[in-house]
Structure formats: structure tokens, C-alpha cells
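Next up is a structure, given as C-alpha cells.
The values are calculated or read from the model by the stated rules, or taken from the named source; none is laboratory data. Keep in mind it's a predicted model, so treat the numbers as computed, not measured. Note that each Cβ is placed from the backbone with ideal geometry, even for glycine, and that neighbours are counted across all protein chains shown.
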Amino acid sequence: MSELLLRLEGLVHTLPQRPETAIVLTLAAYFAGLRLFSWLRSPAWCPPILLAACLLAGLLALLPLDYIEYRRGVGWLTWLLGPATVALGVPLYQQVHHIRTLWKPIVLTLPPAAMLAAGYAMGIAWLLDATPTVLASLAPKSVTAPIAMGIVEELRGSVSLLMGALLITGVMATLSITLLARWGNIHDQRVIGFALGINGHAIGTVRAFDIGPTAGAFASLGMSLTGVFTALWLPLMWHFVG
Amino acid sequence: MLSILRGFLILTAFLMLGDIAVELFALPLSSGVAGMLLLTLWLLLRRRLSHDLGAASQPLIGMLALLIMPGVVGIFFQADEFSGQWLTIFIALILGTLLSSLTTLWLMQRLVATLRERPHE
């Protein structure tokens, strides 16, 4: 009996370090978030990803598992972000005929829109006396996570603040674009999708695929172009100004 | 099921090509994005989308939100570092995103509308 207790104690130490623990917690929180979302009758102001992230944070806080350990364990799952980013090339290719006919508005909208997506937030934060670390962490807030992490490291910001900023930005962009489009009577899936991708990165793109495949393709396009463009101009600008 | 696996092989191979391109040319991109651009280019040259690639990419794209969740929750555990700046951060993010969403929608809508009025330009 005492031996069993001893093994149980050992389990408390080894189990949190296992990848399966981290993956079970993540998937469970994800599906619970989806459940909760439909139970709340799909509120537009609170997407399932926000609910799921809060549930996951709650689980991690309650269990004897620290965040660093969790990150190491869940690496197997987050690695899939790589092939998933590559996979965005498929809807991009499928919608290429749309993109060909609209290349002019796309080329003209992208640079100012991507620069303002970073610029407005940085300007407001700067006016409110934010520290350089905070400014650097907020700068790539509209860029898809894998690229944004690279940018923030180059600007010496905080990766975790950036991830929080990505969540808030994605949720806020999804909400404001949905409402503004309804309010401004915009029904063009291409316009809504492109705006969702530029401002709301992966979270906006997920929402765009809910609207329809055309919106989804334009969101993937907006997201990838914003990522590539921001990765090029932001570090240059940062070193020039700083 | 094998079809998904074959598609996954293609995606991962393009991720590797992305890795190689980023390292070799010191690109300021993540290997995922480099891989995505290479895949798009390859599909454009081939002008045909294989069933395998479609079968693997669709579920992965649907999972994007799940895949960024582990990184996102990090903010809850490093909150102390930015105490005193939270209000600034929230105002900047919420107002900034609202303004940029408005600008993008307005700009794109206007440009698409001009294109519709003069379709043969």
C-alpha cells in the first residue's frame, strides 16, 4: 500500500512533464471552449478561442504544472503551426482568379493598411507613455503568430505580451469588422475577407472561412501579405527611428 | 487516410524547403510563410491541385486557432512584468485595431468600387 502511494507521488512529478498531459489539456480546453461558445448562443464579442484560452489558463493555474513545462510538452502540437501555415497556400492558389481581377485594389490597400495596423496601436501606446519593450511587443500585433514571433525577437520585445496582443487584436478585429461591415452595408466577401486577414491574422482568417471560401481565401491572402510585408518594413523602420 | 498522409508529406516537404530558403538567403520570414509562398508558386506553375494536398490542408487550416492557443495563454502567466501598463496596452490594442479595421474596410471598399465602375481600364 505504501509502495503504491510512493508511486503515486512519483506520478505527480513525472506526469506534468509528459507531452500527452499538455496535449490532453489543450484539446480538452479547446473543445470545452467550443461547447461553451454554442451554449452561450455564439456571441460575436467573445469568439471560442478566447473562451478556450481562458479555460486553458485556468486549468494550468489550478494544476501543479508550470507554464514552461507545459510549453515544452505541447511542442508536438504547436509544431503543426508550420505545415498549417504552408497549407494556406492551397486556398491562395484556388482563389487566384479572384486575386488576378482585383490585383490593383489589393496592391494599393495592402501597404497602408498593414502599416496602419501596427502604426495606430504604436502611436496610441507611445502617446500614453508606454515603455520601448511594450511598443516593440505591440508592433507586430496584426501579423500571424509564427512571423510575429520572429519580428518581436528582432525588436527585443516580449513574446508573451505579443501573444496576448495577438489574441486581443484577433478578437477585436473580428468583432469590429463584422459590425462595421454590417453597419456600412458591405457584403463583398472579398473586401471583408481581406480586411479580416490584414487586421485579424489567423483568428480573423478562421472567422473569414466561416463566412465563405472566397472570404477565407482573401483573408489568407491578406494575412500572408501583411506578414511578409511587415517582416520587411517594421525592423527597418524600428532601427531607423530608434 | 493515406491521402491525408501523402498531402501532409508534401506540406512538410515545403516547410523544409522554406527552412532551407530562409537559412540560405537570410530572409526575414518564418519558414512556414516561405514554404507557403513556395507552395503557391509551385501550384501556379503546375496549374493543378492534387486531391492529397487538399485533403491534408483543409483540416490543418481549420485547426489554426487551436494551434496558437498554447502561445496565447502565456500572457496569463507573465502579467506581473507589465503591471501599471495594462490600461495603455488595452487602449492601444482595442482602439488601434478598431481604427485600422475601419481604414482597411473603407479603403478596400472604395478601390473595389472604382474598379467596378471602370471595368475595362
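If we keep just the residues of the stretch B:49-81 that are small (Gly, Ala, Ser), closer than 22 Å to A:Ala215 by Cα and touching a Lys or Arg at 6+ places or on another chain (Cβ under 9 Å), which is nearest to the other protein chains (Cβ to nearest Cβ)? Please lay out each step first, then the result.
From the stretch B:49-81, those small (Gly, Ala, Ser) are B:50, B:54-57, B:62, B:65, B:71, B:74, B:79; that's our starting set.
Filter once more, so that each one left must be closer than 22 Å to A:Ala215 by Cα: B:54-57, B:62, B:65.
Filter once more, keeping what is touching a Lys or Arg at 6+ places or on another chain (Cβ under 9 Å): B:55-56.
On the way: B:Ala55: 10, B:Ala56: 7 Å.
Out of the qualifying residues, it is B:Ala56.
Residues are listed down the side, and each one gets a yes or a no for (1) farther than 21 Å from A:Leu196 by Cα; (2) surrounded by 17 or more Cβ atoms within 10 Å (Cβ to Cβ); (3) free of Cβ contacts under 8 Å to residues at least 12 places away in the same chain:
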{"residue": "A:Gly33", "(1), (2), (3)": "yes, yes, no"}
{"residue": "A:Pro64", "(1), (2), (3)": "yes, no, no"}
{"residue": "A:Tyr70", "(1), (2), (3)": "yes, yes, no"}
{"residue": "A:Tyr93", "(1), (2), (3)": "no, yes, yes"}
{"residue": "A:Val96", "(1), (2), (3)": "no, no, yes"}
{"residue": "A:Lys104", "(1), (2), (3)": "no, no, yes"}
{"residue": "A:Pro112", "(1), (2), (3)": "no, no, yes"}
{"residue": "A:Ile124", "(1), (2), (3)": "yes, yes, yes"}
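Suppose we filter B:Ala56, B:Ala92 for residues that are crowded, with 22+ Cβ neighbours inside 10 Å, at pLDDT 90 or above and over 22 Å from A:Ser176 (Cα atoms); which single one remains? Steps first, please.
Values: B:Ala92 fails: over 22 Å from A:Ser176 (Cα atoms).
The unique qualifying residue is B:Ala56.
Restricting to the stretch A:179-230, count the residues that are basic (Lys, Arg) and more than 23 Å from A:Thr101 (Cβ to Cβ).
If we filter the stretch A:179-230 for residues that are basic (Lys, Arg), which is where we start, we get A:182, A:190, A:207.
This time we only want the ones that are more than 23 Å from A:Thr101 (Cβ to Cβ), so: A:182, A:207.
Selection size over the stretch A:179-230: 2.
Please return the ranges of helices (runs of 4 or more DSSP H) entirely within the stretch A:1-87 where 1 or more residues are farther than 30 Å from B:Thr40 by Cα. Steps first, answer last, please.
Numbers: elements: A:2-14, A:19-39, A:48-62, A:67-73, A:75-78, A:81-87.
Answer list for the stretch A:1-87: A:2-14, A:19-39, A:48-62, A:67-73.
For B:Met69, work out the one condition from (1) within 30 Å of A:Pro132 (Cβ to Cβ); (2) modelled with pLDDT under 85 it doesn't fulfil.
(2)
Residue-wise test of (1) in contact with a Cys (Cβ under 9 Å, 6 or more places away or on another chain); (2) more than 30 Å from B:Ile4 (Cα to Cα); (3) among the basic types (Lys, Arg); (4) within 7 Å of chain B (Cβ to nearest Cβ).
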site	(1), (2), (3), (4)
A:Trp39	no, yes, no, no
A:Pro47	no, no, no, no
A:Ala61	no, yes, no, no
A:Glu69	no, yes, no, no
A:Leu81	no, no, no, yes
A:Trp126	no, yes, no, no
A:Thr133	no, yes, no, no
A:Thr144	no, no, no, no
A:Gly150	no, no, no, yes
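How many residues are in contact (Cβ under 8 Å) with a residue 24 or more places away in the chain, among the β-branched types (Val, Ile, Thr) and farther than 19 Å from A:Ile177 by Cα when one looks only at the stretch A:201-242?
Total meeting the criteria: 2.
Does A:Phe194 meet the test of being buried (at least 24 other Cβ atoms within 10 Å of the Cβ) and among the aromatic types (Phe, Trp, Tyr)? Write out each step before concluding.
Numbers: buried (at least 24 other Cβ atoms within 10 Å of the Cβ): yes; among the aromatic types (Phe, Trp, Tyr): yes.
Taking the combined requirement at face value, the residue satisfies it.
Is it fair to say B:Trp42 is surrounded by fewer than 17 Cβ atoms within 10 Å (Cβ to Cβ), more than 7 Å from chain A (Cβ to nearest Cβ) and in contact with a Phe, Trp or Tyr (Cβ under 9 Å, 6 or more places away or on another chain)?
Working: surrounded by fewer than 17 Cβ atoms within 10 Å (Cβ to Cβ): yes; more than 7 Å from chain A (Cβ to nearest Cβ): yes; in contact with a Phe, Trp or Tyr (Cβ under 9 Å, 6 or more places away or on another chain): yes.
Criteria met by B:Trp42.
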